[in-house]
Amino acid sequence: MSLKEVKEVGTNLKELTLHIAKEDFDSAVMKTYRKQCSKINVPGFRRGKAPKHIIEKLYGTDVFYNDALDSLLPDVYAAAVEESGLEVVSRPEVELDTIDENGVILKAKVYVKPEVKVNKYTGLSAEKEAVVVEDSEIDEEIEAARKRLARVSTLTEGVAENGDEAVIDFEGFVDGVAFEGGKSEKYPLKLGSGNFIPGFEEQIVGKNIGDSFDISVKFPEEYGAENLAGKDAIFKIVLHEVKRTDLPEFDDDFVKEASEFDTVDEYKADIKAKIEAKKEKAANYAYEEGLLDDLLANTELELPAPMIEDEIDANVRDYDYRLQMQGGSLDLFFQYTGQTLEQLRESFRAQSERQLKIRLALAEVVKAESIEATEEDLEAEYAKIADGYKTELEKVKATIAPATLTEDIVLRKAVNFIVENAAK
């Protein structure tokens, strides 16, 4: 068994000519005969006793060929790929060429890893957004903290104010007739939320708790229920109680309760630093992505279709895993969104192509700069994973092979090299 020839038959497409020696093929045919003869009916012979040449005469000389070739092909193909030195990225398409006194000739077409030409990877350029923290962003964080420490009190007397949660009974009438769906009891309505039709919530503001009163509203022309669209309506309201949220004063006492700091100035400075760090991280990521876009603009390669499909499959599997971690599944996703698997896969196509191209281009940078993953790099990566999953280091090492991490490490180093050597 040997590789006779490798021929280029298309972009990233090779044809391997495989030879199986006659004695090897004949041996495989005999093994197939012995395995299958007991299942073949031959008149005049007990089941399993018909000679091979009789079966071949009755059913054709090639009766055992397909199964014999199937038994030989995995080893033949694997040996040929190893001998060729090709980086195959697809399943082979195998065709029988000849079977004669010299043995068997097979043709196997396979897609191979594409040739990649990186014309430039230093001096790349991209815009980096300046990091600025606005006072309004700090104020938003402070307001969020105040709301987390807010106290909610239930009032049974007094006046309803905008922002309160009013607990009401209501019943709606059009032309003096109550309409379906227009009635509820002890309904909690956040005043100012805009959840009800225009004018409804505003007319509750200022009313006394315990009062019964009417309000007049007009349903919008585009209202969902056609029988109510554009109609004037009267709602009879009973205001039972109000839940009011009292925000704490933003002072040193609040700061001491909400954080490890003692003063407003210290607290604000910490908020600013955290927002700045978050924005800096986002800006750095966007800058790196811009440099990688420039890298791709300076790279020549054509992706084989099977590589793209495999990458899409990987992205779909990853998406399914993330859905499961959130208690969902792809089936539920399709049910709720109305999407199909084909549509989901297509939505990952552009992302998958870019991911592949970046990896292949970075691999060229790794080779050109002789970038390696050291033992210290591997240990640090294992420790990072163990810490992230809150599990033992040795369990992580037993689960993830070093080779799996090595590729990620060297590609990350290649990105760092590109950043460090980018146009200033």
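Between Gln36 and Glu420, the FRET efficiency from the beta-carbon distance, with R0 = 45 Å, is close to 0.10. Across q = 0.18 Å⁻¹, region 151-246 modelled as identical point scatterers on its alpha-carbon atoms has Debye log10 I(q)/I(0) values of -0.78, in the order of the q list. Only lysines eight or more places from Lys218 in sequence, or on another chain, were considered; those with a Cα closer than 28 Å are Lys183, Lys186, Lys190, Lys207, Lys231, Lys236, Lys243.
Listed by chain and number, the lysines placed with their C-alpha closer than 22 angstrom to that of Lys424 are Lys120, Lys128, Lys279, Lys281, Lys413; residues fewer than eight positions away on the same chain are left out. Database remark: amide H of Lys183 closer than 5 angstrom to the amide H of Gly172 (H placed geometrically; neighbours at sequence offset of 5 or more, or on other chains; Pro and chain starts carry no H). Computed FRET efficiency, Cβ-Cβ of Asn284 and Tyr336, R0 41 Å: what is it to the nearest 0.05? FRET efficiency, Asn284 to Tyr336: 0.70. Kirkwood radius, region 84-222, all distinct C-alpha pairs, inverse of mean reciprocal distance: 23.9 Å. With the convex hull of the Cα atoms taken as the outline of region 264-420, the averaged projected area works out to 13.9 nm². Our summary gives the chain a relative contact order of 16 percent, counting only alpha carbon pairs under 8 angstrom and 6 or more residues apart.
In the chain, the DSSP-assigned H stretches of four residues or longer account for a calculated mean residue ellipticity at 222 nm of -15000 deg cm²/dmol, using -39500 (n - 2.57) per stretch and the full residue count as denominator. Estimated from the Cβ-Cβ distance and a Förster radius of 51 angstrom, the FRET efficiency linking Thr122 and Glu202 is about 0.20.
Here the Karplus curve 6.51 cos²θ - 1.76 cosθ + 1.60, taken at θ = phi - 60°, turns the phi angles of region 350-355 into couplings of 4, 4, 5, 5, 5, 4 Hz, with x standing for Gly and Pro. Comparing region 2-113 with the 2.2 N^0.38 Å rule of thumb, its C-alpha radius of gyration ratio is 1.28 (two decimals).
When the chain is treated as a Gaussian network with alpha carbon springs shorter than 10 Å, the biggest mean-square fluctuation among Gly176, Gly158, Gly290 belongs to Gly176.
Multiplying the residue separation of Thr17 and Asp169 by 0.36 nm and subtracting their alpha-carbon distance yields 46.4 nm.
No value in this document is a laboratory result; all are computed from the given coordinates. From a predicted model like this one, the values you see are computed outputs, not experimental measurements. Quick reminder, even Gly has a Cβ in these numbers, built from the backbone with ideal geometry, and neighbours come from all protein chains shown.
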